[in-house]
Amino acid sequence: MAVALTMAAMKVAALRHALRGQRAQTAVTGAVLGAVLAGGTLYLAFGDLDLLAAAYAVWLLGWLLGPVFMGGGDETLRPEYFALLGLPARTMAFGLLVAAFVGLAPLISLVALVGLVIAGVRLGVGNALVAVPALVLQLAVFVLLSKVGVALVGLALRSRLGAIATGVVNGAILAGLGQIWVVFWALGQTGIPSVVWYLPSGWGLLAVRGTWWALPALAGLVLVLLAAWAGLLSWRVGATRVSFAGRRRPITAASSSGAVVAKELRAWSRDLVRNYQVTFALAYGVCFAASPLLLSWDGMLPYAGPIFLVMAAAMSANVYGTDGTALWLNLLTPGGSDVRGRQWAWLVVHAPPAVVVTLVCTAVAGGPWPMVLSLLPALLGGAVGLVPLISVYGLVPGTDPHRRANNPLRTSEDDGGLTGQAYAALALVAATAVPAALAAHWFGWAGPVIGVLTGLSCYRGFGALAARRLRTHGVELLQEMRTGRRAAGSRSVRTRFAALPAGRQAVAWVCFGLGAIPLIPQGVLAAVFVSRNMLRHSWFVATYMSPGLRYPVAIAFMVLGATMYAVGTWLVRPTSAKVAG
Amino acid sequence: MTAALEIDGLTKRFGDTLAVDAIDLVVPQGSFYGLVGQNGAGKTTTLSMAVGLLRPDDGHARIFGADVWSAPDDAKALVGVLPDGLAMPERLTGREVLTYLGLLRGLPRDVVTARADELLAVLELDSAPRTLVIEYSTGMRKKIGLATALLHAPRLLVLDEPFEAVDPVSAATIKTILRGFVVGGGSIVLSSHVMALVEQLCDHVAVIDGGRVAAAGPLDEVRGGRSLEDTFVALVGDEDGGVKELSWLSR
């Protein structure tokens, strides 16, 4: 216990130092959002307990998937720090577990889990008493499942096969979550599926409701997970191999831009994190577009390739950040065209799967060819143009590859920044396809021509802008990566974001984070369903309206979503008055 | 004769800390110049500004007369740099790093191949042909870094802690290469904590303390009749001068 308390004290000290300046503001934003979610969960505890069980399932998913998608989770205390102390694996795992309870995310989850006590009080005195140990055990299950999940993914990322398999699984899961309505619809479920009670997230509530085995099962699960984590920790201490030891073909390029392409292609094939990102994006695109097939609707299938491209661009939008301080070589070698080389390598890696997936899926669905062939070139060009541009204008300083801890997913200490950058990349890359999509919608085969034109101009124009930025601000970018801090005097969306007062920052978060919901499912998709006369359709509000109101409601949602993005953008807009100061 | 490197009033401030306070240094052509100082004295910051890796708040740096910030292409073609602890293209093998950088510098393909062969052999990196740089030991990273600094046949070498974590055999090899470079007319600036090494290699030395030059010039002038270490401690040591002992270790 002494070890555990010392580790908890270390964590408190580290958090006290970390929660200053910019990161404190990010933390405040996170706390505000978390408090809203926790409050919503508590509200459910006063109503239908089915809903509460479902809400806890969502919390569990958040704990399980959040760290895997957002930079590897909390790594304030790392097992490597204690490797030389000779602690038994269980003692260390228990200590790290206790320390893992110190922090904002566990605190917020704890508040959400107070719902168990509320539910207990509503049911009776005995139930309320059971709720207290159930609450502690349930929180331990959340934290431990998250830790074990991250450790398993880290382990998988030691081999290429593991990296690819993890990418496929995670891509499929995230796509499945995005399309969860399809699953419900296919299962004929209109209410809450009863399975939410029997997930580990529901055992605490089961115990409170009086199921005798639930509390022992929770305790047993905690012990099993603790043992598993202890085992995984001893695997983790020791060098992690994060590159693939395959064939080493000599570089045969003869020009400077050819050399950059050769270098980048080797990074794409040898860096297991990049392997993971590509397969993740591909699995996401295919699963997202294919899942409505469960409802025998193939209207989304042709867009698997375009979705893959947008997701892949979002995942690689920090190209310069993940390479870290290697930028110094470019600064000392003026004249080399690093940006163009990287663009070509990105195309060589992503274009073939995108083209194949698009052609096959569109052939299966039997069209619409003009639309798909417009989106493909537009998005290919938009992605290769925006990826380097975003990474030099909105750089999130990464940890140098040779200094990373044994958690391959953690490429930067600033996971909030990475998440924001990925969202920005998603929206911006998708926006590059809008002209081609409109042209295809109105004029059919004019679309592909527009797509090729906008794609080419994005590739050339954004690439040239990125190269210019590297020339003029490369030194500042290098300094940023050396120190992990933004050089004084340069302001980007991220610093502007961090400089916002906490309240406005929270509003911007909500706008960017939730704007997609009214815009896409409640707006665009609902309009599609209305147009196909698919009424009273799962959670699409417009499909429940009276005939005259269906389109107006869908359009109102679209306007709401677009307005949310516009407000978010307006909040973080560059203001020349501020910069001048 | 133009100086190989001329540092003129370079200044850098990080927040409230004045890291480098208007440093002036002249590295004559053909000299082997040592920069010594405590941790945090400003050596790395000065060298980074001198080669164009960190923008100074004030001052100039000229390499063979070419201003590093206003005529970077001329200046950077003449200098080879080994920074301390920066990343490399990590997913390449040593040979691939040299091939990539040689081509990036516009060297012809066959020249790149020949020089890479020779550098890898001399620095004894050719025994691990399939190992990626990310898997290199600290000493191997220093050696591949030195190889990249030498690849394009520069006339000035700026080396930040080149001997740190390098084993004695490799260190001897590197010393031979560096001495040969100076004999052939090249100029070298290196920073180090190791006084004996600087005395052994360098003919000029500058002592940096608190972002300023405490003493600079030919080695024998700076150290006088004493060893460099005694001179250094006298220049930058604590006021009380006493070396503290650990109470629980010394009985």
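Which one of the conditions (1) open to solvent by less than 50 Å² (accessible area, probe 1.4 Å); (2) part of a helix (DSSP H, G or I) does B:Pro56 fail to meet, given that it meets all the rest?
Result: B:Pro56 fails condition (2) only.
Please find, among A:Leu453, A:Leu477, the residue that is within 15 Å of A:Tyr320 (Cα to Cα) and either more than 28 Å from the chain's Cα centre (by Cα) or within 14 Å of chain B (Cβ to nearest Cβ) (or both).
Exactly one residue qualifies, and that residue is A:Leu477.
If I ask for residues that are farther than 28 Å from A:Thr252 by Cβ, open to solvent by less than 30 Å² (accessible area, probe 1.4 Å) and facing chain A (nearest Cβ under 7 Å), which ones from segment B:68-83 would you list?
Result: B:Pro83, single match.
Among B:Ala149, B:Ala206, B:Ala215, which is of a type in the set (Gly, Ala, Ser), more than 27 Å from B:Val122 (Cβ to Cβ) and modelled with pLDDT of 90 or more? Break it down stepwise before answering.
Working: B:Ala149 fails: more than 27 Å from B:Val122 (Cβ to Cβ); B:Ala215 fails: modelled with pLDDT of 90 or more.
Testing whether each residue is of a type in the set (Gly, Ala, Ser), more than 27 Å from B:Val122 (Cβ to Cβ) and modelled with pLDDT of 90 or more leaves just B:Ala206.
Which one of B:Leu86, B:Leu123 is facing chain A (nearest Cβ under 7 Å) and open to solvent by less than 60 Å² (accessible area, probe 1.4 Å)?
That would be B:Leu86, the only listed residue that is facing chain A (nearest Cβ under 7 Å) and open to solvent by less than 60 Å² (accessible area, probe 1.4 Å).
Please verify whether segment B:212-228 includes one or more residues that are among the small types (Gly, Ala, Ser), open to solvent by 40 Å² or more (accessible area, probe 1.4 Å) and in contact with a Lys or Arg (Cβ under 9 Å, 6 or more places away or on another chain).
no
Test of understanding: among A:Leu96, A:Leu145, A:Leu177, which residue is within 20 Å of A:Ser201 (Cα to Cα) and either among the hydroxyl-bearing types (Ser, Thr, Tyr) or modelled with pLDDT of 80 or more (or both)?
A:Leu145
Since B:Asp160 meets every condition but one in (1) more than 12 Å from chain A (Cβ to nearest Cβ); (2) in contact with a strand residue (DSSP E or B) (Cβ under 9 Å, 6 or more places away or on another chain); (3) buried (at least 22 other Cβ atoms within 10 Å of the Cβ), which condition does it not meet?
(1)
Can you say whether B:Asp58 is among the acidic types (Asp, Glu), more than 10 Å from chain A (Cβ to nearest Cβ) and in contact with a Ser or Thr (Cβ under 6 Å, 6 or more places away or on another chain), as far as the supplied structure shows?
yes
Any residue at all in segment B:161-184 that is in a strand (DSSP E or B), farther than 18 Å from B:Leu5 by Cα and at pLDDT 85 or above?
no
Residues of segment B:107-120 being within 13 Å of another protein chain (Cβ to nearest Cβ), in a helix (DSSP H, G or I) and open to solvent by 30 Å² or more (accessible area, probe 1.4 Å), which ones?
Result: B:Arg109, B:Asp110, B:Val111, B:Thr113, B:Asp117.
I need the full set of residues from segment B:137-155 which are in contact (Cβ under 8 Å) with a residue 40 or more places away in the chain and under 16 Å from the mean Cα position of the chain (by Cα), in order please.
Result: B:Arg141, B:Lys142, B:Ile144, B:Gly145, B:Leu146, B:Ala147, B:Thr148, B:Ala149, B:Leu150, B:Leu151, B:Pro154, B:Arg155.
Take the conditions at pLDDT below 90, surrounded by fewer than 23 Cβ atoms within 10 Å (Cβ to Cβ), closer than 30 Å to B:Gly184 by Cβ and more than 15 Å from the chain's Cα centre (by Cα) and apply them to B:Thr2. Does it pass?
Considered against the rule, which asks whether it is at pLDDT below 90, surrounded by fewer than 23 Cβ atoms within 10 Å (Cβ to Cβ), closer than 30 Å to B:Gly184 by Cβ and more than 15 Å from the chain's Cα centre (by Cα), B:Thr2 comes out as yes.
Could you pull out the residue among A:Gly167, A:Gly220 that is within 30 Å of A:Leu51 (Cβ to Cβ) and either open to solvent by 50 Å² or more (accessible area, probe 1.4 Å) or modelled with pLDDT of 80 or more (or both)?
A:Gly220
When residues of segment B:91-100 are filtered for being within 22 Å of the chain's Cα centre (by Cα) and open to solvent by 10 Å² or more (accessible area, probe 1.4 Å), how many remain?
Here the count works out to 0.
For segment A:253-336, please list each of the helices (runs of 4 or more DSSP H) lying entirely inside it that holds at least 2 residues being more than 14 Å from chain B (Cβ to nearest Cβ).
In segment A:253-336, the matching helices (runs of 4 or more DSSP H) lie at A:272-290, A:304-315.
When segment A:231-248 is examined, which residues are found to be surrounded by fewer than 19 Cβ atoms within 10 Å (Cβ to Cβ) and modelled with pLDDT of 75 or more?
A:Gly231
For segment B:128-154, which residues satisfy the criterion of being open to solvent by 10 Å² or more (accessible area, probe 1.4 Å) and more than 22 Å from B:Lys43 (Cβ to Cβ)?
B:Ala128, B:Pro129, B:Arg130, B:Thr131, B:Ile134, B:Glu135, B:Tyr136, B:Ser137, B:Met140, B:His152, B:Ala153
Determine, yes or no, whether A:Ala267 is open to solvent by 10 Å² or more (accessible area, probe 1.4 Å), touching a helix residue (DSSP H, G or I) at 6+ places or on another chain (Cβ under 8 Å), at pLDDT below 85 and within 22 Å of A:Ala351 (Cα to Cα).
no
On the given criteria, is B:Ala22 part of a strand (DSSP E or B), more than 12 Å from every other protein chain (Cβ to nearest Cβ) and closer than 16 Å to B:Val213 by Cβ?
When the stated conditions are applied, B:Ala22 passes them.
Just the residues that are open to solvent by less than 20 Å² (accessible area, probe 1.4 Å) and within 22 Å of B:Ile63 (Cα to Cα), please, taken from segment B:171-200.
Correct list: B:Leu178, B:Gly186, B:Ser187, B:Ile188, B:Val189, B:Leu190, B:Ser191, B:Ser192.
Under the condition of being open to solvent by less than 10 Å² (accessible area, probe 1.4 Å) and within 14 Å of chain B (Cβ to nearest Cβ), which residue from segment A:339-379 is farthest from B:Val79 (Cα to Cα)?
A:Ala345
Does at least one position in segment A:383-392 carry a residue that is modelled with pLDDT under 85, crowded, with 23+ Cβ neighbours inside 10 Å and in a helix (DSSP H, G or I)?
So far as segment A:383-392 goes, no, none of its residues is modelled with pLDDT under 85, crowded, with 23+ Cβ neighbours inside 10 Å and in a helix (DSSP H, G or I).
Filter segment A:23-65 down to the residues that are modelled with pLDDT of 80 or more and among the polar types (S, T, N, Q) and list them by number.
A:Thr41
The values are calculated or read from the model by the stated rules, or taken from the named source; none is laboratory data. Treat the numbers as computed from the prediction; the structure is a model and nothing was measured. FYI the Cβ positions are ideal-geometry reconstructions off the backbone, even for glycines, and counts take in every protein chain you see. These accessible areas exclude ligands, DNA and RNA; they are computed on the full protein's heavy atoms, side chains included. Shrake-Rupley method; radii C 1.70, N 1.55, O 1.52, S 1.80 Å.
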